[in-house]
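For reference, the structure discussed in these notes is given below.
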Amino acid sequence: MKYILTLIVGMLVGGALIYFLLVGAPRSAKPPGELVRAPEAGGDPPGTAVLTLDENFFNTLLGTVFKTGAPTFKLSSSDKHEGLATPSTTTVAASSGSGAYATDGAVSFLKAQDGGCQSQVVVAAEGSGVKTGVSLKDGQIVAPLAFSGSYNVVGQCMQFQGWAQANIQLRFEQSEQTLYGQINVENVNLDGVSPLIGGLVTGFVQNAINQRVNPIVLMRGSQIALSVPVQATGGTLKAQAKDIRSEVKDGALRIHLTYDFSNAAGGPQPPPAQTSPPPPQG
């Protein structure tokens with residue numbers, strides 16, 4: 001058993017080193033926009049609206065996502081698939097006499113045949129004693145993520161499951177009038193595996209999220225900007241967000257949107273007044 005455990009750890013570390021040598025260290029492009037700050041201590045400036053979202057909103061949203069299919073993203077940076085995909089069945093079999101090596105947890109090695117080992121992570125609604133969701137506490141947007149997946153390590157298919165601890169930061173790009181969410185993976189916990197190995201996998205997962213998932217569009221310009229026709233003046237009252245602040249308080253996320261108002265002429269004109277038809281000529 002000691003030999004088997006040593007072999008597994010060696011293959012995991014070797015796979016990690018090969019990944020860093022061939023792919024490079026995890027790196028991410030500069031996130032869009034500016035990091036959203038906390039509201040001013042003295043209170044909101046004039047022209048500020050506050051949008052409140054609680055944990056039930058986010059978790060209901062996640063529940064709807066899982067009803068349509070488990071979110072899946074690739075661990076291989078060379079894969080040309082972009083964005084989230086509906087997972088397909090991974091066919092992995094052991095060749096005759098090869099056997100399978102496994103720890104007491106959920107990590108196992110099998111012979112990868114005919115490209116059947118997909119280097120991917122599938123987010124699950126629940127697993128490893130953790131429920132995927134959003135928690136609003138301690139001033140942060142915290143997102144525990146249960147997952148399973150596989151990774152091709154020099155001809156051996158490593159199948160694993162576990163959970164990741166992540167947080168979500170908000171960023172605002174004023175020129176686009178768009179509010180983004182940036183997922184940051186803090187650590188990855190693999191079932192039955194030393195935290196040291198989980199630390200190596202953390203880089204894989206964060207790299208994959210940065211390439212395939214981040215940034216997440218939370219609110220687009222059409223949802224933030226205002227355009228209200230004023231029939232009495234024939235103009236249009238417009239407003240664009242010039243600043244966004246946020247705070248997590250009392251189990252809710254409060255988004256403070258401060259607007260810059262303007263009045264544009266040439267808006268919708270009122271319909272012409274109806275006149276009575278002339279009396280018939282006798």
In segment 196-215, is there at least one residue being out of contact with any helix residue (DSSP H, G or I) (no Cβ under 8 Å at 6 or more places or on another chain), open to solvent by 50 Å² or more (accessible area, probe 1.4 Å), at pLDDT below 85 and in a loop (DSSP other than H, G, I, E, B)? no
Here the residues within segment 30-77 that are of a type in the set (Gly, Ala, Ser) and surrounded by fewer than 16 Cβ atoms within 10 Å (Cβ to Cβ) are 38, 41, 42, 43, 47, 49, 63, 69
In segment 144-160, what count of residues is obtained for those that are surrounded by fewer than 21 Cβ atoms within 10 Å (Cβ to Cβ), within 29 Å of residue 30 (Cβ to Cβ) and either in contact (Cβ under 8 Å) with a residue 60 or more places away in the chain or hydrophobic (A, V, I, L, M, F, W, C) (or both)? 0
How do the pairs read when you match residues in segment 23-47 that are farther than 24 Å from residue 224 by Cα with residues anywhere that are at pLDDT 80 or above, using Cβ under 8 Å and keeping only pairs 6 or more apart or on different chains? 28/214
Among the residues of segment 181-195, count how many are more than 11 Å from residue 164 (Cα to Cα), β-branched (Val, Ile, Thr) and not in a loop (DSSP other than H, G, I, E, B). 1
Candidate set from segment 217-230 (those that are in contact (Cβ under 8 Å) with a residue 40 or more places away in the chain and among the aliphatic types (A, V, I, L, M)); member that is least open to solvent (accessible area, probe 1.4 Å): 224
May I ask you to list the residues in segment 161-177 that are open to solvent by 10 Å² or more (accessible area, probe 1.4 Å) and assigned to a strand (DSSP E or B)? 161, 163, 165, 167, 168, 169, 170, 171, 172, 173
Just give me the residues in segment 231-255 being open to solvent by less than 80 Å² (accessible area, probe 1.4 Å), more than 22 Å from residue 57 (Cβ to Cβ) and touching a strand residue (DSSP E or B) at 6+ places or on another chain (Cβ under 7 Å), in sequence order. 235, 236, 237, 239, 243
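The values are calculated or read from the model by the stated rules, or taken from the named source; none is laboratory data. Values in this document were obtained by computation on a predicted structure and should not be read as measured data. Neighbour counts are summed over all protein chains in view; Cβ atoms, including those assigned to glycine, are modelled from backbone coordinates with ideal geometry. Only protein heavy atoms, including side chains, enter the accessible area calculation; ligands, DNA and RNA are left aside. Shrake-Rupley method; radii C 1.70, N 1.55, O 1.52, S 1.80 Å.
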